[in-house]
Amino acid sequence: YIGTPAFIDNVHSWPLVKKVDGGAWLEFWDYLVEKEKPVVFLWVEHDLGPATLAIAESFRTSGKPLSKHPMNHTIQPVGSWRGTWGDVSREIERQTGLETRHTVIPDADGRWHRDLTKAFIYQNNHGLYPDVDFPTQATLDLGVKFGTLEEFVRMKIVPMFSE
């Protein structure tokens with residue numbers, strides 16, 4: 001089983017950041033999770049495929065029956081890094097050169113569903129995989145090369161605001 005955390009891709013695809021006042025500054029937002037609370041991020045487009053393939057290949061090439069593989073019947077959390085929404089906001093500001101104001105929206109009910117609001121409240125209060133380092137040693141040992149926040153912002157966010 002592959003466990004996934006917050007998708008950093010949503011900053012680009014929803015988007016969670018936009019120009020305000022004719023491009024004088026950027027508005028950045030997230031749901032419920034406080035600006036400096038630790039969050040595990042996954043760059044889906046860049047990292048999920050290679051990590052999933054590496055895990056699957058480890059089963060295929062291990063030479064062991066599936067039932068004897070050390071990852072069998074386990075949850076393998078796949079995350080690119082642990083940071084905060086504040087880190088994301090600051091990195092966007094650093095790379096774009098535009099003031100970036102961060103807002104935390106108090107619920108996800110209007111856009112999504114109450115259950116998602118509950119999940120974000122849980123994450124804000126307890127974290128997600130609080131005792132796991134990201135990327136995990138298991139995925140690093142399989143040779144997966146994960147992207148970074150800096151790379152994500154440079155490749156996906158900066159082009160959104162280039163003149």
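The values are calculated or read from the model by the stated rules, or taken from the named source; none is laboratory data. Owing to the predicted nature of the structure, the values given are computational and were not obtained by experimental measurement. Heads up, the Cβs are rebuilt from the backbone with ideal geometry, glycines too, and the neighbour counts pull from every protein chain shown. Ligands, DNA and RNA are stripped out before the accessible areas are found, and what is left, the full protein with its side chains, is counted by its heavy atoms. Shrake-Rupley method; radii C 1.70, N 1.55, O 1.52, S 1.80 Å.
Some points to look at:
- Answer from 45, 57, 91 - the residue that is surrounded by fewer than 17 Cβ atoms within 10 Å (Cβ to Cβ) and touching an Asp or Glu at 6+ places or on another chain (Cβ under 8 Å): 45
- Any hit, segment 100-113, residues being in contact with a Gly (Cβ under 9 Å, 6 or more places away or on another chain), of a type outside the set (Asp, Glu) and not in a helix (DSSP H, G or I): yes
- Scoring residue 128 on the criteria (1) farther than 24 Å from residue 32 by Cβ; (2) touching a residue at least 40 places away in the same chain (Cβ under 8 Å) leaves a single failure, condition (1).
- Residue in segment 105-126 that is open to solvent by 40 Å² or more (accessible area, probe 1.4 Å), among the aliphatic types (A, V, I, L, M), touching a strand residue (DSSP E or B) at 6+ places or on another chain (Cβ under 6 Å) and more than 26 Å from residue 49 (Cα to Cα) present: yes
- For residue 55, the stated conditions hold: it is among the β-branched types (Val, Ile, Thr), in contact (Cβ under 8 Å) with a residue 12 or more places away in the chain, under 27 Å from residue 138 (Cα atoms) and not in a strand (DSSP E or B).
- Here is the figure for segment 60-81: residues that are basic (Lys, Arg) and either open to solvent by less than 80 Å² (accessible area, probe 1.4 Å) or assigned to a helix (DSSP H, G or I) (or both) total 2.
- Selection count where residues are under 16 Å from residue 91 (Cβ atoms) and surrounded by fewer than 13 Cβ atoms within 10 Å (Cβ to Cβ), scope segment 4-28: 0
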